[in-house]
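Report on the structure given below.
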Amino acid sequence: MSSTMLHQFEKLTKIKIFEGFGLSEASSSAYRNPLSGERRVNSIGIPLPLTESKIVSLINE
């Protein structure tokens, strides 16, 4: 969802959308934008408690 559409939806409905990301082999949600604090639109958010994550590069540097 584009950030423009997200903001239009929130303005119209007065409901905030909190984006996230999940994997079928992990749980329904593994990362989520926080309910309080800084929310970054078009971001998968931060790992939920007890979720291990690792950033890797596919390019050998």
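The values are calculated or read from the model by the stated rules, or taken from the named source; none is laboratory data. Everything numeric in this text was worked out from a predicted model, so none of it was measured. Neighbour counts run over all protein chains shown; Cβ positions are idealised from the backbone, glycine included.
Mind listing just one residue for me: the one in the stretch 16-41 that is surrounded by 10 or more Cβ atoms within 10 Å (Cβ to Cβ) and of a type in the set (S, T, N, Q) and, of those, nearest to Met5 (Cα to Cα)?
Here is the first cut: in the stretch 16-41, the ones surrounded by 10 or more Cβ atoms within 10 Å (Cβ to Cβ) are 16-23, 26-27, 29-34, 39-41.
Keeping just the survivors that are of a type in the set (S, T, N, Q) gives 27, 29, 33.
Working: Ser27: 27, Ser29: 22, Asn33: 18 Å.
In this case the residue turns out to be Asn33.
Return yes or no: is Ser53 more than 17 Å from Met1 (Cα to Cα), in contact (Cβ under 8 Å) with a residue 12 or more places away in the chain and in contact with a Pro (Cβ under 6 Å, 6 or more places away or on another chain)? So Ser53 fits the description; yes.
Can you name the number of the only condition in (1) at pLDDT 85 or above; (2) part of a loop (DSSP other than H, G, I, E, B); (3) surrounded by 10 or more Cβ atoms within 10 Å (Cβ to Cβ) that Met1 fails? (1) is the only condition that Met1 fails. Scanning the stretch 7-41 for residues that are among the β-branched types (Val, Ile, Thr), more than 15 Å from the chain's Cα centre (by Cα) and assigned to a loop (DSSP other than H, G, I, E, B) gives a single hit, Ile15.
Taking the stretch 42-61 as the range and being surrounded by 13 or more Cβ atoms within 10 Å (Cβ to Cβ) and at negative phi as the test, the residues that pass are Ser43, Ile44, Ile46, Pro47, Leu48, Thr51.
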